[in-house]
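Every number in this text was worked out from the coordinates using simple rules, so none of it is lab data. These numbers were taken from a predicted model, which means no experiment stands behind them. Please note: Cβ atoms are built from the backbone with ideal geometry, for glycine as well, and neighbour counts cover all protein chains shown.
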Amino acid sequence: MLAKQAEAKKLFWSEHLHDITTEVSKGEFWQRVMSFDTRHSHVNPPSIDSINHILTLIRDVQFDGAPAAVPIPLETTGGELIVVKFEIYLVIDNLVKGSVEVLSHTLSKIACTELLEHVLDDPARGVMITDDKHRVLFTNEKLCRDHGTSSLALLGRSISEGGLFHSDKRHIEAFQKRIEREVRWRGA
């Protein structure tokens, strides 16, 4: 595996195609690719649903040629929650190439990765989760499909950059003001 940092938060990696299945299912892979400090805690492997989602994206990139991204929630042995943007750029010469960017690192104990995955996989409604700076941490396929965009275009970016709400400037302003005032938004 090769991992190097190009920007302040984005780390690029490369893994052999026949090793990727076993590698992404190990906590050690995530520790290495994120340069995670293991003195106090270690990164647990992602859930089987997250691993399956990664493997599906790799297959899609391999056959379609279009880059893809998925948010992956990771828990540490210390109870921290780390949300990473896992991007796959291409599969060439039996190598899978991509990057990892930490979107959120919550230092308090949170055991909600299964809940997040369940909410995000809801096929009936589009779901987006942002941080307090309006950067997209999670989005599901329904939201992307309904708005003609992709996770790759949204994850880690401000909602005003993604183009989802550009048609209704009042909506985005109301959304941002309510988040600043109440620290949450519920509704369309």
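Let me know the charge dipole size of the stretch 28-103 about its Cα centre in debye, to the nearest 20, where only the beta-carbon of Lys, Arg (+1) and Asp, Glu (-1) is charged. If you can, show how the numbers build up before the last one.
On the way: 5 positive and 10 negative charges, 22 e Å.
Its charge dipole is roughly 100 debye.
Which of the peptides 53-61, 78-86 is most tightly packed, and how do the rest follow, going by the mean number of other Cβ atoms within 10 Å of each residue?
Working: 53-61: 17.4, 78-86: 20.2.
Most protected by this proxy first, the peptides run 78-86, 53-61.
Could you give me the ³J(HN,Hα) list for the stretch 93-98, computed from phi with Karplus coefficients 6.51, -1.76, 1.60 and θ = phi - 60°, whole Hz, x at Gly and Pro?
Listing the rounded values in order: 6, 6, 10, 9, 10, x Hz.
Long-range amide H contacts for ASN44: which residues qualify at under 5 Å (H placed 1.01 Å from N, peptide plane, sequence gap of 5 or more or a different chain)?
GLU75, THR76, THR77
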